[in-house]
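Everything on this sheet refers to the single structure shown next.
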Amino acid sequence: MQVDLHVSRFDWSRAPSGIGPGISDLAQRAERIGVRTLSFMDHFFQMDWMAPAEDPMLEGYTALGFIAGCTDRLRLRLLVTGVTYRHPGLLAKTVTTLDVVSEGRAELGIGAAWYEREHDGLGVPFPPVAERFDRLEEAIQICLQMWSENNGPYEGRHYQLAETLCSPMPVSAPRPRILIGGSGERKTLRLVAQYADACNIFGGPEEVAHKLEVLRRHCDAVGRDPNEIEVTAMYRDLPPGASVDDVVRGAEALAKVGVSTLVTGAVGDDPGGWLESTFGPAMERLAAIESAAL
């Protein structure tokens with residue numbers, strides 16, 4: 001089982017001048033203990049259900065570029081890019097640039113976007129949910145075309161590109177991996193089955209098991225082996241002072257339903273220290289856990 005780190009808050013850095021050194025230190029400590037991927041959110045205001053919207057928030061791709069220069073092995077992605085924030089052709093170029101400068105460590109995490117307050121606050125159009133999902137599918141198709149040998153036009157309902165030229169091409173072969181975020185049963189998991197290399201599911205083992213059964217049905221409908229899709233699940237709600245056995249026990253419960261990657265968070269006022277003390281001693285045992293086949 002793999003471990004990824006998702007950084008969704010920066011208030012622990014105390015002041016703007018401390019954020020750069022803070023996330024650099026956190027990323028390097030994560031890399032040292034064997035974390036595979038670091039992700040940031042794609043938000044411009046802090047999520048107001050979790051903390052005040054005025055709390056510090058970084059633009060995700062700029063921050064990932066900084067982390068690329070601070071690390072050697074960590075894979076890099078947003079969890080997840082909101083489809084409304086960037087034109088898909090420019091998004092493909094942004095992810096390609098991150099992939100090239102990191103020597104093949106970029107991934108595309110993408111979803112339909114949801115945070116209406118920051119759209120309104122920053123003047124970003126926020127279409128109805130059905131349109132956002134239509135745009136999500138077209139954006140994925142555009143990225144896939146730009147990462148192929150087809151430099152021709154793309155004609156969609158919402159996006160029209162005269163040329164899908166992308167030079168240089170990504171270093172990742174055959175292209176950057178695509179993770180689609182969310183677990184909506186009718187639309188999101190259908191898109192996962194059709195396009196994604198990975199998904200991200202919220203909830204405990206029972207809820208995750210249900211969502212993965214829905215995903216299996218979508219895979220059957222499009223003729224795809226569900227075991228081709230990496231299943232990641234959020235794993236942050238550990239008890240205070242969680243022991244190695246606590247960490248491993250929860251991981252095993254998720255592995256039994258098909259989860260292959262845990263996504264933990266930057267917890268507390270010293271997230272690097274928390275990560276090292278909570279997950280560091282457990283990494284060898286976590287790596288030995290085998291996930292159930294889908």
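The values are calculated or read from the model by the stated rules, or taken from the named source; none is laboratory data. Since the model is a prediction, treat every value here as computed from it, not as a measurement. Using ideal geometry, Cβ is built from the backbone for each residue, glycine included, and neighbour counts are taken over all protein chains shown.
Being of a type outside the set (A, V, I, L, M) and either assigned to a loop (DSSP other than H, G, I, E, B) or in contact (Cβ under 8 Å) with a residue 24 or more places away in the chain (or both) is the filter here, so list the residues in the range 98-116 that pass it.
Pass one, the range 98-116, residues of a type outside the set (A, V, I, L, M): 99, 102-105, 107, 109, 111, 114-116.
Passing the criteria: ASP99, SER102, GLU103, GLY104, ARG105, GLU107, GLY109, GLY111, TRP114, TYR115.
Is there a residue in the range 27-49 that is of a type outside the set (A, V, I, L, M, F, W, C), buried (at least 22 other Cβ atoms within 10 Å of the Cβ) and assigned to a loop (DSSP other than H, G, I, E, B)? Before the answer, list the steps.
The first filter runs over the range 27-49 and keeps only residues of a type outside the set (A, V, I, L, M, F, W, C), leaving 28-29, 31-32, 34, 36-37, 39, 42-43, 46, 48.
Still in the list and also buried (at least 22 other Cβ atoms within 10 Å of the Cβ): 37, 39, 42.
Checking the rest, the ones that are also assigned to a loop (DSSP other than H, G, I, E, B) come to 42.
Yes, that holds for at least one residue.
Specify the residue that is surrounded by the fewest Cβ atoms within 10 Å (Cβ to Cβ); the eligible residues are those in the range 254-291 that are over 23 Å from GLY109 (Cα atoms) and of a type in the set (Val, Ile, Thr).
Taking the candidates together, the pick is ILE289.
Quick one: count up the residues across the range 74-96 that are touching a helix residue (DSSP H, G or I) at 6+ places or on another chain (Cβ under 8 Å), outside any loop (DSSP other than H, G, I, E, B) and farther than 20 Å from TYR154 by Cβ.
Step one: of the range 74-96, the residues touching a helix residue (DSSP H, G or I) at 6+ places or on another chain (Cβ under 8 Å) are 74, 76-78, 81, 83-84, 86, 88-89, 91-96.
Checking which are outside any loop (DSSP other than H, G, I, E, B) leaves us with 76-78, 81, 88-89, 91-96.
Filter once more, keeping what is farther than 20 Å from TYR154 by Cβ: 76-78.
Within the range 74-96, residues that are touching a helix residue (DSSP H, G or I) at 6+ places or on another chain (Cβ under 8 Å), outside any loop (DSSP other than H, G, I, E, B) and farther than 20 Å from TYR154 by Cβ number 3.
Determine which single condition GLN141 fails, assuming it passes every other condition in (1) outside any helix (DSSP H, G or I); (2) closer than 13 Å to PRO88 by Cβ.
All conditions pass for GLN141, except number (1).
Do you know which residues across the range 225-247 are crowded, with 18+ Cβ neighbours inside 10 Å, in contact with a helix residue (DSSP H, G or I) (Cβ under 8 Å, 6 or more places away or on another chain) and closer than 27 Å to ARG177 by Cα?
PRO226, ILE229, VAL231, ALA233, TYR235
Go through (1) within 21 Å of ILE110 (Cα to Cα); (2) among the charged types (D, E, K, R); (3) loosely packed, with under 14 Cβ neighbours inside 10 Å for ARG77 and report which single condition fails.
(3)
Being within 20 Å of VAL192 (Cβ to Cβ), among the basic types (Lys, Arg) and modelled with pLDDT of 95 or more, is that true of even one residue in the range 98-119? Give the derivation first.
Of the range 98-119, the ones within 20 Å of VAL192 (Cβ to Cβ) are 106-114.
Pick out the ones that are also among the basic types (Lys, Arg) and you get none.
Scanning the range 98-119 turns up no residue that is within 20 Å of VAL192 (Cβ to Cβ), among the basic types (Lys, Arg) and modelled with pLDDT of 95 or more.
Listed here are the residues, each with its yes/no results for (1) crowded, with 16+ Cβ neighbours inside 10 Å; (2) modelled with pLDDT under 95; (3) closer than 19 Å to SER39 by Cβ.
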position: GLU137; (1), (2), (3): yes, no, no
position: ASN150; (1), (2), (3): no, no, no
position: ALA162; (1), (2), (3): no, no, no
position: ALA198; (1), (2), (3): yes, no, yes
position: GLU206; (1), (2), (3): no, no, no
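Taking ALA53 as the residue in question, decide whether it is farther than 19 Å from ASN200 by Cα, touching a helix residue (DSSP H, G or I) at 6+ places or on another chain (Cβ under 7 Å) and in a loop (DSSP other than H, G, I, E, B).
Working: farther than 19 Å from ASN200 by Cα: yes; touching a helix residue (DSSP H, G or I) at 6+ places or on another chain (Cβ under 7 Å): yes; in a loop (DSSP other than H, G, I, E, B): yes.
Yes: the conditions hold for ALA53.
Please give the number of the condition ARG132 fails out of (1) assigned to a helix (DSSP H, G or I); (2) without any contact (Cβ under 8 Å) to a residue 40 or more places away in the chain; (3) crowded, with 17+ Cβ neighbours inside 10 Å.
(2)
Starting from residues that are out of contact with any Lys or Arg (no Cβ under 8 Å at 6 or more places or on another chain) and of a type outside the set (D, E, K, R), keep the ones in the range 208-220 and report whichever is surrounded by the most Cβ atoms within 10 Å (Cβ to Cβ). If you could, list the steps in order and put the result at the bottom.
Kept after step one, since they are out of contact with any Lys or Arg (no Cβ under 8 Å at 6 or more places or on another chain), are these residues of the range 208-220: 208-217, 219-220.
Of the ones still in play, those that are also of a type outside the set (D, E, K, R) are 208-210, 212, 214-215, 219.
Values: VAL208: 22, ALA209: 17, HIS210: 15, LEU212: 23, VAL214: 18, LEU215: 26, CYS219: 21.
Once the filter is applied, the top-ranked residue is LEU215.
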